[in-house]
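Let me begin by presenting the structure, written as structure tokens, before commenting on it.
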Amino acid sequence: MKSLKRPVICIFLAAVLLLSFCACGNGGNSAVSENNTAGQDHTPAFVRSMELKYATGFIVDYYEDGYKLITVKEGPDIYLVIPEGADSKVTDRLVKDLGKKVIKLQQPLDRIYLAATATMCLFDAMDAIDEVKMSSLKVEDWYVDGAVKAMKDGKMVYAGKYSAPDFELILSKSCDLALESMMIYHTPEIKEKLETLGIPVFVEKSTYEGHPLGRTEWIKLYAAMLNLEDKADEIFAKQVGYLEEAEKKEHTGKTVAFFYVNSSGSVVARKSGDYVCGMIELAGGKYIFSDLGNEEDNNLSTVNLDMETFYATAKDADYIFYNSTIMGEVSSIENLKSLSPLLKDFKAVKEGNVWCTGQNLYQQTTDLGQMILEFNRILSGETDGTGLTYMKKLN
């Protein structure tokens, strides 16, 4: 009996083991198949939205697998940032699931044509100048060190101004993004041509921001395009620190005239609601015009005034800040007075409280917090001009 049972038991165990291996094999294949199906059917889910402190003009939503959805509120324009190496089927499903018309931005975005000049400093601050291969300004027109160096080194080339870009050059550089200011709406055919050529166009709209640092916070949007969010957070936090330092001080109550004189002798002043006026207010000053140009139905940030009209309101301003970004710097108070005989009768001129901005003012969106603090130091009498970057005192 023992000799008969042993072969039967062995055969039975062998059969059980064989079935077990087959079951395991089939189970494994089934699991792989199910995983593959799940991968093919996967649609990235919403994860979170970017936290913003001052900016109100855009939203960045983060999705699984590295996707980001950028919504620019004024428009609105919607952009889907697609991570490098993403499955096109997954991307298509996400677009379908969003149910919105989106402009696709395929990473890496490293062949940018930049025509929104106020944003170049943001790329420079993030050490991302290398991603900008084409510029709408020539080297002599830039006040951003990184852009100047890149153009001199041949890493960035002039590709025509925003209204007359060199399409052939832009195509030859395999441009993956045209970054435009709102000036592009004056030449809509250019925007349409770029899009027809397959080049996505992003229109920069930070000028709609009510708070000056709302403009600076747009650095976070461009950081999202380039996966540089941590760097942008660090840069922005530094500017918030400057603002908070200025806000801790008492309001000076000093009145300020901010203007320049154009080639025809007219005064060009900022509208009362402009961001420069906002910086003056945050610095503890008061813009001399309480409601200048707010009734005008246009997107201009300035108003042209004849000198007599300007004199009637601004002659008693405690401080003059001459805006040198358009017509160039004035070198002295005598130089300023030569622009109009009326200027010699201004209170600020008589008391020597005349300052001039640097020509780099409008190309330094990154440092608006620092500019506010410099305004504050001047208005509170803490500086004679030493240690300042964007303002200098006229003698």
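The values are calculated or read from the model by the stated rules, or taken from the named source; none is laboratory data. Everything numeric here is computed off the predicted structure, so don't read it as measured data. Using ideal geometry, Cβ is built from the backbone for each residue, glycine included, and neighbour counts are taken over all protein chains shown.
Worth a mention:
- Some residue of the stretch 207-221 being in contact with a strand residue (DSSP E or B) (Cβ under 6 Å, 6 or more places away or on another chain), hydrophobic (A, V, I, L, M, F, W, C) and surrounded by 20 or more Cβ atoms within 10 Å (Cβ to Cβ): yes
- Lone unmet requirement of (1) touching a helix residue (DSSP H, G or I) at 6+ places or on another chain (Cβ under 8 Å); (2) outside any strand (DSSP E or B); (3) outside the structural domain of W142 (by TED's automatic domain parsing); (4) among the aliphatic types (A, V, I, L, M) for L69: (2)
- Some residue of the stretch 164-181 being in contact with a Phe, Trp or Tyr (Cβ under 6 Å, 6 or more places away or on another chain) and either among the small types (G, A, S) or not assigned by TED's automatic domain parsing to the domain that holds A128 (or both): yes
- Any hit, the stretch 258-266, residues being surrounded by 14 or more Cβ atoms within 10 Å (Cβ to Cβ), closer than 18 Å to K344 by Cα, free of Cβ contacts under 8 Å to residues at least 60 places away in the same chain and out of contact with any Pro (no Cβ under 8 Å at 6 or more places or on another chain): yes
- Single residue of the stretch 160-182 satisfying the filter (free of Cβ contacts under 8 Å to residues at least 40 places away in the same chain, assigned to a helix (DSSP H, G or I) and not acidic (D, E)) that is surrounded by the most Cβ atoms within 10 Å (Cβ to Cβ): F167
- Counted residues, the stretch 379-395 - those being crowded, with 16+ Cβ neighbours inside 10 Å and either basic (K, R) or under 25 Å from K344 (Cβ atoms) (or both): 5
- The stretch 92-115, residues that are in a loop (DSSP other than H, G, I, E, B) and either within 25 Å of the chain's Cα centre (by Cα) or of a type in the set (V, I, T) (or both): K100, K101, V102, Q107, P108, L109, D110, R111, A115
- Cβ pairs under 8 Å, 6+ apart, first in the stretch 141-159 and more than 17 Å from D127 (Cβ to Cβ), second of a type in the set (D, E): A159/D166
- Answer residue from the stretch 267-293, given it is aromatic (F, W, Y) and more than 11 Å from G253 (Cα to Cα) and is surrounded by the most Cβ atoms within 10 Å (Cβ to Cβ) among those: F289
- Only one entry of T196, T187, T216 meets the criterion of being in the same structural domain as Y79 (by TED's automatic domain parsing) and among the polar types (S, T, N, Q), and that entry is T216.
- Residue match in the stretch 329-343 (condition: of a type in the set (D, E, K, R), in the same structural domain as N376 (by TED's automatic domain parsing), surrounded by fewer than 19 Cβ atoms within 10 Å (Cβ to Cβ) and in contact with a Cys (Cβ under 9 Å, 6 or more places away or on another chain)): yes
- Here A147 qualifies as assigned by TED's automatic domain parsing to the domain that holds T117 and touching a helix residue (DSSP H, G or I) at 6+ places or on another chain (Cβ under 6 Å).
- Answer residue from the stretch 167-206, given it is β-branched (V, I, T) and under 18 Å from the mean Cα position of the chain (by Cα) and is farthest from V102 (Cα to Cα) among those: I184
- Given (1) exposed (fewer than 15 other Cβ atoms within 10 Å of the Cβ); (2) over 21 Å from the mean Cα position of the chain (by Cα); (3) charged (D, E, K, R), number of the condition D127 does not satisfy: (2)
- Qualifying residue in the stretch 364-374 (condition: assigned by TED's automatic domain parsing to the domain that holds Y260, more than 28 Å from the chain's Cα centre (by Cα), modelled with pLDDT of 95 or more and buried (at least 17 other Cβ atoms within 10 Å of the Cβ)): no
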